[in-house]
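Asks: Submitted below is the structure of interest, expressed as structure tokens.
The values are calculated or read from the model by the stated rules, or taken from the named source; none is laboratory data. Everything numeric in this text was worked out from a predicted model, so none of it was measured. Don't worry about glycine lacking a Cβ; one is built from the backbone with ideal geometry, like all the others, and counts go over all protein chains shown.
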Amino acid sequence: MHVPVQAIDREIWRDGAASEGARLIPEETPIALTYNGGTYAVMMGTPQNLEDFAVGFSLSEGIVTSVDEIQSLEVVRLDDGIELRMWLAAETAGLISERRRHIAGPTGCGICGVESIAEAIRPAAIVPQGQTFSPDQVMAAMQAIAPLQSINLQTRAVHAAAFWSPARGIVALREDVGRHNALDKLAGALARSRTDARNGMVLLTSRVSVELVQKTAAIGAPVMVAVSAPTALAVRTAEAAGITLVAIARSDGFEVFTHGGRVAACVTTEVANVA
């Protein structure tokens, strides 16, 4: 249950005939995030890169403002799930006691259990200007994702979130059955490696909903690129946060919905493709 991919036997029907065989599919596991002994949330996710998930979730939820505020982090594997057990300074832990929520988050649910409309659509952080990217760089960044999606190459059933910079190409990539979880894992990986997100792009293999914009703003990335379309609320939130929202990024091009000045044809098009 705690491995990210399982081989499952199944019956196959093709062209009117039946056969049997195993198929690799992603695991889905209850993951509890606890702070100072209290459960804050239970999310369903892929049991991989769990330290990154714990840190990224804590940052995107506003529980902490820096990875340094997490005094200890332990991954506790239980019979029926996994606990990400964190301890914070007493003053930090006190701030979350009023908003602690006991939820069972369906796969991919980014704002399950939020108790008020205002909290669900809270304003995103304002991102710095960052740098400008060429259309070639945007396309090269998106094309670099697929070969690095190890779980998706096996299962064709998970989302990915990645961070790309002109100097390094794909800096980090994380996968999960939940698109919000994948982005939280990426946020945690960037925070733990002290990566400055101001000069790169967040890349998503999913549609863009408002919480993904909020999480990208918390990361501090000025540009986000996704393969599918955004929601109208996501566009309004990206506009207010100063984020360049690029979506419907396919092999033949892409569409820019907000702050298009960061995408310009005159930018130097040298790109890095290494992971």
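Asks: Residue under question is ARG262, and the condition is that it be touching a residue at least 40 places away in the same chain (Cβ under 8 Å), basic (Lys, Arg) and buried (at least 17 other Cβ atoms within 10 Å of the Cβ); does it hold?
Replies: yes
Asks: Is it the case that the range 189-207 has a residue that's outside the structural domain of VAL64 (by TED's automatic domain parsing), in contact with a His (Cβ under 7 Å, 6 or more places away or on another chain) and either in a strand (DSSP E or B) or touching a residue at least 12 places away in the same chain (Cβ under 8 Å) (or both)?
Replies: yes
Asks: OK, next. Of the residues that sit in the range 34-75 and are β-branched (Val, Ile, Thr) and within 14 Å of the chain's Cα centre (by Cα), which one is nearest to ILE96 (Cα to Cα)?
Replies: Initially, the range 34-75 is screened for residues β-branched (Val, Ile, Thr), giving 34, 39, 42, 46, 55, 63-65, 67, 70, 75.
Remaining after also requiring within 14 Å of the chain's Cα centre (by Cα): 46, 55.
Details: THR46: 25, VAL55: 15 Å.
Among them, the one singled out is VAL55.
Asks: Out of ASP184, ASP136, report the one residue that is in a helix (DSSP H, G or I), buried (at least 24 other Cβ atoms within 10 Å of the Cβ) and of a type in the set (D, E, K, R).
Replies: Numbers: ASP136 fails: buried (at least 24 other Cβ atoms within 10 Å of the Cβ).
Just one listed residue meets the conditions, ASP184.
Asks: Here is a further query. Tally time: how many residues in the range 243-271 are in contact with a Gly (Cβ under 9 Å, 6 or more places away or on another chain), part of a loop (DSSP other than H, G, I, E, B) and over 14 Å from MET139 (Cα atoms)?
Replies: 2
Asks: Another question, then. Residues that are outside any strand (DSSP E or B), within 15 Å of the chain's Cα centre (by Cα) and touching a residue at least 12 places away in the same chain (Cβ under 8 Å): does the range 165-172 have at least one?
Replies: No - not one qualifying residue is present in the range 165-172.
Asks: Six or more apart or on different chains, Cβ atoms under 7 Å: show the pairs whose first residue is in the range 33-61 and within 19 Å of VAL213 (Cα to Cα) and whose second is acidic (Asp, Glu) and at pLDDT 95 or above.
Replies: Matching pairs, first to second residue: PHE53/ASP184; GLY56/ASP184; PHE57/ASP184; SER60/ASP184.
Asks: In addition: Can you tell me which residue is surrounded by the fewest Cβ atoms within 10 Å (Cβ to Cβ) among those in the range 1-53 that are aromatic (Phe, Trp, Tyr) and part of a strand (DSSP E or B)?
Replies: From the range 1-53, those aromatic (Phe, Trp, Tyr) are 13, 35, 40, 53; that's our starting set.
This time we only want the ones that are part of a strand (DSSP E or B), so: 13, 35, 40.
Numbers: TRP13: 8, TYR35: 23, TYR40: 23.
This residue is TRP13.
Asks: Taking GLU61 as meeting all but one of (1) within 17 Å of ASN181 (Cα to Cα); (2) at pLDDT 95 or above, write down the number of the exception.
Replies: Unmet for GLU61, out of (1) within 17 Å of ASN181 (Cα to Cα); (2) at pLDDT 95 or above: (2).
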